[in-house]
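Some notes on the structure that comes next.
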Amino acid sequence: MTHRVRGVIARSKGAPVETTTILVPDPGPGEALVQVKACGVCHTDLHYREGGINDEFPFLLGHEASGIVEAVGPDVTSVAPGDFVVLNWRAVCGNCRACKRGRPWYCFATHNATQAMTLEDGTRLSPALGIGAFAEKTLVAAGQCTKVDPAASPAAAGLLGCGVMAGLGAALNTGDVGRGDSVAVIGCGGVGNAAVAGARLAGAAKIIAVDVDDRKLGWAKGLGATHTVDARTEDVVKAIRSLTGGHGADVVIEAVGRPETYEQAFYARDLAGTVVLVGVPTPEMKLELPLLDVFGRGGALKSSWYGDCLPERDFPLLIDLYLQGRLDLDAFVSETIPLDGVEEAFARMERGEVLRSVVEF
Ligand SMILES: NC(=O)c1ccc[n+]([C@@H]2O[C@H](COP(=O)([O-])OP(=O)(O)OC[C@H]3O[C@@H](n4cnc5c(N)ncnc54)[C@H](O)[C@@H]3O)[C@@H](O)[C@H]2O)c1
Ligand SMILES: [Zn+2]
Ligand SMILES: [Zn+2]
């Protein structure tokens, strides 16, 4: 059977997104059909629309989602119809060289659905990050469905599927923030503010939030920042050093994705400290640093993809903390919107008015 549902697609480079009818096949081996409940609007969806990821138009956008499993392929045992799940873009294979070395968060062969979703005329859709959840139903690999406690709000839970997990994991997994550490986060959008929340969860003693927008700094305070730095008026490196006894922070998380802010992160950390780059740069960006400083300042310079998360390990745990009131995922849901509100949500995102707009079905 084929399911005719509404979905939001980017038909061609730079054109506004459209809501249209899409065809979703019944799940085959290894696949699951999910009734989407909520899906956040992420910067990466906009990158797809602008042709910044690849040229495989038309895209079915949306990838920060939660939903209810409607049907599964004949061999699927990990989830069943009726399960409440968060969709992930890291269904690890277990067989590649990263998985075999015991580092599955670097998996090089993650699973996606094998059958295609299409337009009514049969044109194949490329689902964003292998998910495509700005749609009433979507088809994914069963491993992309992570079962979590259904008591969670669908809008908040879905955000773990991308940006919020990326930020939380940049602090908790990649940065390995520990009790008593000092942490600075440069760029406090959805990702950076999740890193602030992650640093608080880890027991950081000092959490310094840096941004160029007062709204973002206000949200950062609510999520656990102990100090804020306005990068428009203050020297970021000096400010972070003076807030940390002149030394710099133990862990500095860069969540903008620009050479200038990376350089600030590099010099704002303590000797032997850690820099985590979670912001995504564009291809033309270059970094120049004195090699002697790279050597002399020691420590670790790391990148964080999807917060080095393992969905099956991290999503249920974070949802439990959320339900206990120890992780405020609701704070990231700035507004809920209908499916045909994605284009306007992109504009609000670009104006910095929201942490996340979330489509609710
Ligand atoms: N590594 C991953 O797995 C992953 C996953 C999702 C998103 N991302 C990336 O993380 C980055 C942040 O995403 P987001 O959704 O939070 O975006 P966003 O646009 O909401 O946040 C960026 C923030 O940086 C601030 N900013 C801009 N210039 C600044 C400067 N010079 N100094 C300080 N702050 C500055 C902005 O005011 C904004 O608050 C993006 O590059 C995004 O692509 C990475
Ligand atoms: Zn693998
Ligand atoms: Zn995303």
query = Mind checking which pairs have a first residue in the range 39-51 that is more than 13 Å from Gly161 (Cα to Cα) and near ligand 3 (Cβ under 8 Å from one of its atoms) and a second that is part of a loop (DSSP other than H, G, I, E, B) and not small (Gly, Ala, Ser), Cβ under 6 Å, 6 or more apart or different chains?
reply = Asp45/Leu61
Sole exception among (1) within 20 Å of the chain's Cα centre (by Cα); (2) free of Cβ contacts under 8 Å to residues at least 60 places away in the same chain for Gly62, by number = (2)
ask   = In the set Pro311, Pro283, Pro290, which member is within 16 Å of ligand 2 (Cβ to nearest atom) and either in contact with a helix residue (DSSP H, G or I) (Cβ under 9 Å, 6 or more places away or on another chain) or without any contact (Cβ under 8 Å) to a residue 12 or more places away in the chain (or both)?
value = Pro311
ask   = Which is in contact with a Pro (Cβ under 8 Å, 6 or more places away or on another chain) and of a type in the set (Val, Ile, Thr), of Val17, Val34, Val76?
value = Val76
key: Check on Val79, surrounded by fewer than 20 Cβ atoms within 10 Å (Cβ to Cβ) and part of a loop (DSSP other than H, G, I, E, B)   = yes
request  = Would you mind stating whether Glu284 is more than 17 Å from the chain's Cα centre (by Cα), of a type outside the set (A, V, I, L, M, F, W, C) and surrounded by fewer than 20 Cβ atoms within 10 Å (Cβ to Cβ)?
outcome  = yes
request  = Please state which of the following conditions Val86 fails to meet, knowing it meets all the rest: (1) within 16 Å of ligand 3 (Cβ to nearest atom); (2) part of a loop (DSSP other than H, G, I, E, B); (3) touching a Cys at 6+ places or on another chain (Cβ under 9 Å).
outcome  = (2)
Answer residue from the range 1-40, given it is in contact with a Gly (Cβ under 8 Å, 6 or more places away or on another chain) and of a type in the set (A, V, I, L, M) and is surrounded by the fewest Cβ atoms within 10 Å (Cβ to Cβ) among those = Ala38
task = Would you check which residues across the range 128-164 are under 17 Å from Glu18 (Cβ atoms) and surrounded by fewer than 24 Cβ atoms within 10 Å (Cβ to Cβ) and list them?
result = Glu136
task = Can you run down the residue pairs with Cβ atoms below 8 Å, 6 or more apart or on separate chains, where the first is in the range 91-112 and modelled with pLDDT of 95 or more and within 8 Å of ligand 2 (Cβ to nearest atom) and the partner is among the basic types (Lys, Arg) and not in a loop (DSSP other than H, G, I, E, B)?
result = Phe108/Arg97
Strands (runs of 3 or more DSSP E) lying entirely in the range 263-361 (those with 1 or more residues that are away from ligand 1 (no atom under 16 Å from the Cβ) and under 23 Å from Ala209 (Cβ atoms)) = 269-277, 300-303
query = Identify, please: which residue in the range 213-233 is assigned to a loop (DSSP other than H, G, I, E, B) and hydrophobic (A, V, I, L, M, F, W, C) and is, among those, surrounded by the most Cβ atoms within 10 Å (Cβ to Cβ)?
reply = Ala225
key: Per-region count, the range 49-76, residues loosely packed, with under 15 Cβ neighbours inside 10 Å and not in a loop (DSSP other than H, G, I, E, B)   = 0
Among the candidates Lys37, Lys13, residue that is part of a loop (DSSP other than H, G, I, E, B), of a type in the set (Lys, Arg) and away from ligand 2 (no atom under 16 Å from the Cβ) = Lys13
note = Among (1) over 25 Å from Arg232 (Cα atoms); (2) part of a loop (DSSP other than H, G, I, E, B), Gly245 falls short only on (1)
query = Out of curiosity, is Ala197 closer than 20 Å to Gly307 by Cβ, touching a strand residue (DSSP E or B) at 6+ places or on another chain (Cβ under 7 Å) and not in a loop (DSSP other than H, G, I, E, B)?
reply = no
query = Hey, does the range 157-167 have a residue that's within 14 Å of the chain's Cα centre (by Cα), away from ligand 1 (no atom under 15 Å from the Cβ) and touching a residue at least 12 places away in the same chain (Cβ under 8 Å)?
reply = yes
note = When restricted to Ala171, Ala155, the only residue closer than 14 Å to Leu277 by Cα and assigned to a helix (DSSP H, G or I) is Ala171
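The values are calculated or read from the model by the stated rules, or taken from the named source; none is laboratory data. Just so it is clear, the model here is predicted, and its values are computed rather than measured. Reconstructed Cβ throughout: ideal geometry from the backbone, glycine too, with neighbour counts over all protein chains shown.
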